[in-house]
Amino acid sequence: MIAVFMETRDGKIKKSSLEALSEAKRRAAELGGQAVAVLVGSGVEGLGSGSFAAGADGVYVLDSPALADYSAQGYALALAEWAAEARPAAVLFAATAMGRDLAPRVAARLGVGLVSDCTGVAVMNGKLEFTRPIYAGKAVLTCSLRSSPQLATLRPNVFPLGEAVPGAGEVVRKDVVVPDGAVKGRVTEVLKEESCEIDVTEAEVIVSGGRGLKGPENFALLRELAALFPRSAVGASRSAVDSGWIGHQHQVGQTGKTVSPSLYFAVGVSGAIQHLAGMSSSKVIVAVNKDPEAPIFKVADYGIVGDLFQVVPLLAQELKKALAE
Amino acid sequence: MNILVFIKRVPDTESKIRIRHETKAIVEEGLNFVISPYDEFAIEEALRLREAHGGVVRVVSAGKDESVAVLRKSLAMGADEAFLIKDAAPETYDGLRTARMIARAVERKFPGTDLLLFGKQSVGADNSQVPAMVAELLGLPQATVVTKLEVAHGAATACREIEGGAEKVALSLPAVVSAQKGLNEPRYETLKGIMAAKKKDIPVVTLEELGFGADDLAPQVEITGLDVPAARQSGKVLQGDPADTARELVALLRNEAKVV
């Protein structure tokens, strides 16, 4: 049995958790076992149906009023207790802010190893074999775990969603006892970024800007281009971030975020080794740069040599036409 | 306030990574090693907290003898004391192994610590595991990937980065906090700091002292392969009239790449 922790935000299961569940389903089929979804919270049974639609063979709900708000300590306690009893072969998490916060605590509580931010999962000798980029993508590690259950976090946007299946099953609810004083830290407030943009790690299309943009005001050009696509975000090179043109949460590359969107636009980005490491796993890369020798063209599938201030608005215009058709 | 900062020695981010396939390890010769960049934010935050609240900043690194160089740099930045947990093992990519060493060291060597600061991940292994694992092993609360930290009266409030925003986490101390870029602007060492750091002793803590036997720290991660990713082929580069190139590019994205 492969279990997947289903992360919820604003009363909805996150897409990256459904991706992890889809992958669990595929690997469980290979291993001849089941894929189950595990929800943690207070009164979240209603979210079980979404997990069945994504292919879960079973849904477990770990419930306690003390788990209404996310806390790494409370959630880890619930999940580790469940895993010790249910004995799944593996527990997978999406490598999101919450998954990265929570999975190590669960691993430490169970005394088992964890593989972070996987981009591939295979079955080898009855166990899972994980592939993950290290050095922000400058190298690729494959590994397995000697300990059980096998714990891993899976990078968002990499694993395809399975087809929705009509199906329902039993939701098994388990009441969790969270002892008084066991949770010494908790989330008190969630602050949304005003722009409402989605995070670069979750975006399917990223439009990134670098020093070639010459100033913060010119990121507007990129926002216009990005706005043409659903699930898009604006990214940036380190030099643009360090110049104070845009917040560091937009930075792509080593000391920023590693991303794998379907389409990546690098606009006025020269292509420093740190940036290339963070975006080279994008499916299609488009570069716009006035310097034909810029290293970014070495990794780009398509490039335009030209003045971005001329090219980008024209590109937006053409894309708008194409997308409207 | 008693603050512990944990740092790691890593190749700088300019490094081109090469692999030694027979040992499934990266080639270290010729690389320039530095304090992992996120760890510098942790050191800086510790120094600022000391300036505001008083106390002691101790910096700890687990690793080979060579890690003394990054510990000395942290002393030059202004840390009061530095310690090396001597671990001669090659990189295991196993966060729990490191977390167990650190948690044991905190219990045995550094009782009375109020705050444990880490970088959000080491640049290299990119695990983001050790801070939360240490917190769990010690039964402490945590805030990871933190861009703002306030400490007062035995409690802390941290802002941690999440997708499309931030969340505020309230923690009682002692607690574990891992630093994200944006938390602060790390200071440079001063000449005076460098001179003073040279004279300081960096005590070594052995794994035996921490009560670990030869097999106690066997890694749970089994490395089956290590390679560099396949190089991307450079594609079609268009030059000429901006309107023509834009039109041509969109046609390619639509008909060839099929992403539009």
Item to complete: May I ask you to evaluate 6.51 cos²θ - 1.76 cosθ + 1.60, the Karplus curve with θ = phi - 60°, for each residue of the stretch A:111-124 and list the ³J(HN,Hα) values in order in whole Hz, giving x for glycine and proline?
Response: x, 10, x, 9, 10, 9, 6, 6, 10, x, 9, 10, 10, 9
Worksheet item: Once you average over the residues of A:255-262, how many Cβ atoms of partner chains fall within 10 Å of each Cβ?
Response: 2
Worksheet, complete the sentence: Applied in sequence order to the stretch A:272-287, the curve 6.51 cos²θ - 1.76 cosθ + 1.60 (Karplus, θ = phi - 60°) yields integer Hz couplings, x standing for Gly and Pro, of 4, 4, 5, 6, 4, 4, x, 10, 5, 8, 5, 6, 10, 10, 10, 10
Discussion item. What whole-number distance in Å separates the alpha-carbon centres of the stretch B:146-180 and the stretch B:64-141?
Written reply: 19
Item to complete: First measure r as the distance between the Cβ atoms of A:GLU217 and B:GLU256, then evaluate 1/(1 + (r/R0)^6) with R0 = 22 Å and state the FRET efficiency to the nearest 0.05.
Response: 0.05
Response to the item:
The value for the stretch B:142-246 (convex hull of the alpha-carbon atoms, volume per residue, Å³) is 344
Fill in: Residues A:VAL121, B:VAL56, B:VAL204, sorted so that the one with the fewest Cβ neighbours within 10 Å comes first
B:VAL204, B:VAL56, A:VAL121
Discussion item. Can you classify the stretch A:200-324 as rounded, prolate or oblate using the Cα gyration tensor, where a ≥ b ≥ c are the square roots of its eigenvalues, rounded means a/c under 1.5, and otherwise it's prolate if a/b beats b/c and oblate if not?
Written reply: rounded
Worksheet, complete the sentence: Counting only residues 5 or more apart in sequence or on a different chain, those whose built amide H sits under 5 Å from that of A:SER71 are none
Worksheet item: Counting other C-beta atoms within 10 Å, which of B:LYS192, A:LYS184 has the fewest, and how do the rest follow?
Response: B:LYS192, A:LYS184
Item to complete: Could you line up A:MET98, B:MET133 from fewest to most neighbouring Cβ atoms inside 10 Å?
Response: A:MET98, B:MET133
Worksheet entry | Prolate/oblate/rounded call for the protein assembly as shown, Cα gyration tensor, a/c under 1.5 rounded | oblate
Worksheet item: Per residue of B:224-230, how many C-beta atoms from partner chains lie within 10 Å of its own C-beta, taken as a mean?
Response: 6
Worksheet item: Which cross-chain or sequence-distant (5 or more) residues have an amide H under 5 Å from the amide H of A:PHE265, H modelled 1.01 Å from N in plane?
Response: A:ILE206, A:VAL207, A:SER208, A:VAL286
Item to complete: Using a 10 Å cut-off on Cβ to Cβ distances, tally the other chain neighbours for every residue of A:292-302 and report the average as a whole number.
Response: 4
Worksheet item: Can you list the HN-Hα couplings for the stretch A:229-236, worked out from phi with the Karplus curve (6.51, -1.76, 1.60; θ = phi - 60°), rounded to whole Hz and with x for Gly and Pro?
Response: 10, x, 6, 10, 8, 9, x, 7
Worksheet item: Hey, what number do you get for chain A at 222 nm if only DSSP H runs of n ≥ 4 count, each worth -39500 (n - 2.57), divided across all residues, to the nearest 500?
Response: -8500 deg cm²/dmol
Discussion item. Under 5 Å between amide hydrogens, which residues at least 5 positions from A:VAL123 or on another chain qualify, with H placed 1.01 Å from N in the peptide plane?
Written reply: A:GLU129
Item to complete: Could you work out the relative contact order of chain B, using alpha carbon pairs under 8 angstrom and six or more residues apart, expressed as a whole percent?
Response: 23
Worksheet entry | Whole-Å semi-axes of the ellipsoid equivalent to chain A (Cα gyration tensor, √5λ, descending) | 38, 20, 19
Practice prompt. Quickly rank B:242-254, A:13-25, A:282-294 as a protection proxy: mean count of other C-beta atoms within 10 Å, highest first.
Written response: A:13-25, A:282-294, B:242-254
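Computed from the coordinates by the stated procedures, all read-outs in this text should not be read as laboratory data. Predicted, not measured: the structure shown is a model, and the values here were computed from it. We place every Cβ from the backbone using ideal geometry, glycine too, and count neighbours over all the protein chains shown.
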